[in-house]
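Chemist: So that we are looking at the same thing, I have put the structure below in structure tokens.
Just so you know, all these numbers are worked out from the coordinates, no wet-lab data involved. Keep in mind that this is a model prediction, so the values were computed, not measured. Cβ placement follows ideal geometry from the backbone for every residue including glycine, while neighbour counts extend to all protein chains displayed.
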């Protein structure tokens, strides 16, 4: 097993864990994000992802914080976006944004069909992580 494949496995296991816990509990813990800083960020560096602090990253941070303080999204989702902001490729956001919206609508529709009521909360971590993975892959 090469370092690249090991790094990719680390990223996938971490993302699946975060997404699963968020789907079950609607919470993203600080401990899991902190473990991501020590496990996932070095892994992303190993698979040659760019770490950039740019103006679009700053805009994403400000918009995410504003959405969190306005209670449009949970603060765990905001922290996850802050965690991913320096790794995203901002020249290529259209398709990941479509995927993010699509996953969110899919989860909303699944709640409506299976529970026959409009959900009060939606777990955005699976959609955020899938969109970030698509963004980093392209």
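Chemist: Helix 94-115 versus the longest principal axis of the chain: what is the Cα-based angle in degrees, 0 to 90, to the nearest 10?
Modeler: Helix 94-115 sits roughly 40 degrees off the main axis of the chain.
Chemist: Tell me, what is the percent relative contact order of the chain, built from C-alpha pairs under 8 Å that lie six or more residues apart?
Modeler: Value for the chain: 30 percent.
Chemist: Okay, next question. If you take the beta carbon distance between residue 24 and residue 95 as r and set R0 to 22 Å, what does 1/(1 + (r/R0)^6) give as a FRET efficiency, to the nearest 0.05?
Modeler: 0.20
Chemist: Relative to the first principal axis of the alpha-carbon coordinates of the chain, what is the inclination of helix 75-84, with its axis defined by its Cα atoms, in degrees from 0 to 90 and to the nearest 10?
Modeler: 30
Chemist: If you don't mind, there's one more thing I want to ask. If the chain between residue 48 and residue 117 were fully stretched, how many nm would it gain, using 0.36 nm times the residue separation less the Cα-Cα distance?
Modeler: That works out to 20.4 nm of additional length.
Chemist: May I pose another question? Measuring from the lowest to the highest alpha carbon on each principal axis, how far does the chain reach, largest first, in angstroms?
Modeler: 47, 35, 28
Chemist: Using a basic spin-label model with each label point 7 Å from the Cα along Cα→Cβ, how many nm lie between residue 109 and residue 70?
Modeler: 2.6
Chemist: By how many degrees, between 0 and 90 and to the nearest 10, does the Cα long axis of helix 3-25 differ from the longest principal axis of the chain?
Modeler: It works out to around 20 degrees.
Chemist: Multiplying the sequence separation of residue 34 and residue 55 by 0.36 nm and subtracting their Cα-Cα distance, what value in nm do you get?
Modeler: Gain in length upon complete extension: 5.1 nm.
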